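S.K.: This is the structure, below, for whatever I ask next.
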Amino acid sequence: MAAHSTIAQNEQYYRIILDNLSQGIIVCQLLYNEQEEPVDYLILDINHAVEEHSGLKKEQIVGKRATEIRSVVEPEWLLKCGEVVKTGKTAELEIYNASSFDGWIDVQVISLQHQDRFLILFTNITEHVKLKETLRESEKLARSRARELKKENRQKVEILESISDCFYALDKDLRYIYVNKSTEEICGISRNDLIGRMMEEVFPVVNDVSLSKFRQVLMEQTPQQYEVFSKIVNRWGDIYVYPTQEGISVFFHDITEKKALEMEKERYMKMVEERVAWQQDILDLMPVGVWISDHTGKVVTINQAALDMYGGRSPLAGTLDEYTSYKLFHSDTGEPVLFEPYPMREALRGVVLDYEGFDGKRGTLVASTDALYDEEGNYINYVAVAMDITELREAEKALRESEKEALDLVEKLKKANEHKNKFIAMLSHELRNPLAAVIMGLSLLEHVEPGSEQALRATQTITRQAQQLSRLVDDLLDVTRIRENNFNLQKSNLEINQLLEHIVQDNQPGFEAKDIDFVASFTPEKLMVEGDMARLMQAVGNLLDNALKFTARYGKVVLSLSKDEKENMAVISVIDNGQGISSDLLEHLFEPFVQAEQGLDRSYGGLGLGLPIVKGIIDNHGGIIKVLSEGLGIGTTFTIGLPLLEEIN
């Protein structure tokens, strides 16, 4: 009995492995004629991949000869199979198959070394063959691109020959390898006398700066730009030097006239600078606002940073009360700063104040002040220095907000981790019970007579629990497809009234068994949508399953259909007077693995995937789903909106 069970179990393992391989596998026995030549072979077994590849069922293939399935079996193929059976050596070849499907397959013939039996293993390599063809096309395109680049290079040479600037290229030893027409004309020497010769050899008076720059570009492989007076052509040039694969390329732009103008300008600026106080220039370079007042209180000097800060000069400029027009506020209270009668001789250090500019702009500054005295101790000036720290304060505020966002993210991650742990616990529980029942059923089958009532009950239990496991796996796969946006729909034009009638028929027995009043209310008007019938039935069915779970005996569940004229939508509602949903759970209800608190007793079961799957189905139909519950014990309303098709004549 145990040996029989082991053989059956091994046979089951063999079948599971065989049918789950992506390769097609055919077990064959070679048939010979009287001259012991292979003339045909008998097919003993196949796997699912062969069915999918050939389009035939297993019973149409197994037990038949190859010639009964295919009218013509090539003699070369039979000889190859006979050679494998005879020698025991595996044969491998690529075959273009146009009979079962239009594509290429990789075939292996393997001897089983028993009763003239052998295996045929084949794999669809159409994509691999197409990839090789694509690579060949890519090489063809690359050659075409090379020709285009060659053409483009000729065009670039034509451009270089037409420009008025000197352009020449040197190799790594600073030998000329190309010069344009302008270089020949300006230097007064033909390119034939330049190509292949070193610059220093041709022009002994070449500028040392240029040679140094050229070698620097060669060494560092970074472009250089500089101006230099060339003794070769007695001109000023703006030089651009670029590294190339062969060495360097050089542009020489004649700026002799420009340099003459610049020199004239420099001479003029020196004359101006002698007559202009340098104090303002220095102050304007400072990144902080500076105000200097005289001993009467009138502001006599202000720098550019101060002008920028306050949006211009004081409207009281030139008066003794000018300093009071600068509006300042205490940053902690917002109260305005009251100025004391001038002179303000007390020193301040790092006082933070808010300010309002003459253009109405508000900001924050940090100010320091001090009085200046002459050598005899007489008070002559009062200096105020302020730095605008508005952006710094805003950055601090943004940093605090970022810290808050980071803390919120940490809290979300904690909750996500809690959901993960709860899900693992739920999954363990949901898998443990059916697996335990399956194991017990298998154990019972080993000890009872096949076909007995106990064996029948054990088989029914295994089947039922296997179906439960299949549903759990399907839910997990659906959620994964939704999250990865890989949720394929088989859409067609559907009439919603008819769809809901089918759903009512499927779910009515469950409500009757629990003595729940199940009411269906539809519209007399035909409402057409584009959708996947099976998925929409799954979505509405999940909502009805929830209503059945969480509605007590003798409760009431309503399935209704209406039309939203404004939004042009079919509106499906599932309303129950059952357990209801707490407000803190409502906002997370459509997230995977979220359920109302149940503990590990799992009175309702499930992984909390039903509602996320419903939302994914509706979202992929371009619809909306909403949930409303006034709280625990008050019932729940789920509402689905699906866009209607335009009227069809």
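S.K.: Using only the Cα atoms, work out Rg/Rh for region 498-549, with Rh taken as the Kirkwood radius, to two decimals.
M.R.: Rg divided by Rh gives 0.99.
S.K.: Along region 572-581, what does the Karplus equation 6.51 cos²θ - 1.76 cosθ + 1.60 (θ = phi - 60°) give for ³J(HN,Hα), rounded to whole Hz, x for Gly and Pro?
M.R.: In residue order, the calculated couplings are 10, 10, 10, 10, 9, 10, x, 5, x, 9 Hz.
S.K.: If you don't mind, another one. 5 Å is the cut-off here: which amide hydrogens, built 1.01 Å from N in the peptide plane, fall below it relative to L645, excluding neighbours closer than 5 in sequence?
M.R.: Close amide H contacts, sequence-distant or interchain: M528, V529, E530.
S.K.: Another question, if that's okay. How would F214, F358 rank on accessible area, largest to smallest, probe 1.4 Å? Write down the numbers at each step before the final one.
M.R.: On the way: F214 5, F358 65 Å².
From most accessible down to least: F358, F214.
S.K.: Arrange the peptides 62-70, 536-544 so that the one whose residues have, on average, the most other Cβ atoms within 10 Å appears first.
M.R.: Per-residue mean Cβ counts within 10 Å order the peptides as 536-544, 62-70.
S.K.: Now a separate question. Calculate the translational D of region 107-262 in whole µm² s⁻¹ from Stokes-Einstein, where the hydrodynamic radius comes from the Kirkwood formula applied to all Cα pairs, the temperature is 10 °C and the viscosity 1.306 mPa s.
M.R.: 80
S.K.: Can you work out the Karplus-derived ³J(HN,Hα) for every residue in region 43-59? Use 6.51 cos²θ - 1.76 cosθ + 1.60 with θ = phi - 60°, whole Hz, and x for glycine or proline.
M.R.: 3J(HN,Hα) across region 43-59, in whole Hz: 8, 9, 6, 9, 10, 4, 4, 5, 4, 5, 6, 8, x, 10, 7, 4, 5.
S.K.: Among K415/K566; K491/K566; K361/K412; K404/K566, which pairs are too far apart, with a Cα-Cα distance over 31 Å?
M.R.: Beyond 31 Å: K415/K566; K361/K412; K404/K566.
S.K.: Provide the packing ranking of 403-415, 491-503, i.e. peptides ordered by the mean count of other C-beta atoms within 10 Å per residue, highest first.
M.R.: Peptide ranking by packing, descending: 491-503, 403-415.
S.K.: Need one number: the % of Cα-Cα pairs in region 348-423 sitting beyond the 16 Å mark. Provide the component values of the computation, followed by the final result.
M.R.: Working: 2019 of 2850 pairs.
When every Cα pair of region 348-423 is considered, 71 percent fall beyond 16 Å.
S.K.: Students often forget the sequence filter, so: which lysines lie under 18 Å Cα-Cα from K140 once same-chain residues fewer than 8 apart are removed?
M.R.: K130, K132, K150, K151
S.K.: I need the peptides 610-623, 219-232 ranked by packing, meaning the mean over residues of other C-beta atoms within 10 angstrom, with the highest value on top.
M.R.: Details: 610-623: 20.7, 219-232: 13.6.
Sorting 610-623, 219-232 by mean packing, highest first, produces 610-623, 219-232.
S.K.: Let me ask something else about it. Which value, in Å² and to the nearest 10, is the accessible area of L399 when all protein chains are kept and the probe is 1.4 Å?
M.R.: Number for this one is 100 Å².
The values are calculated or read from the model by the stated rules, or taken from the named source; none is laboratory data. These numbers were taken from a predicted model, which means no experiment stands behind them. All Cβ positions, glycine included, derive from the backbone under ideal geometry; neighbour counts span all protein chains shown. Just so you know, the surface numbers come from the protein's heavy atoms only, side chains and all, with ligands and any DNA or RNA stripped out. Shrake-Rupley method; radii C 1.70, N 1.55, O 1.52, S 1.80 Å.
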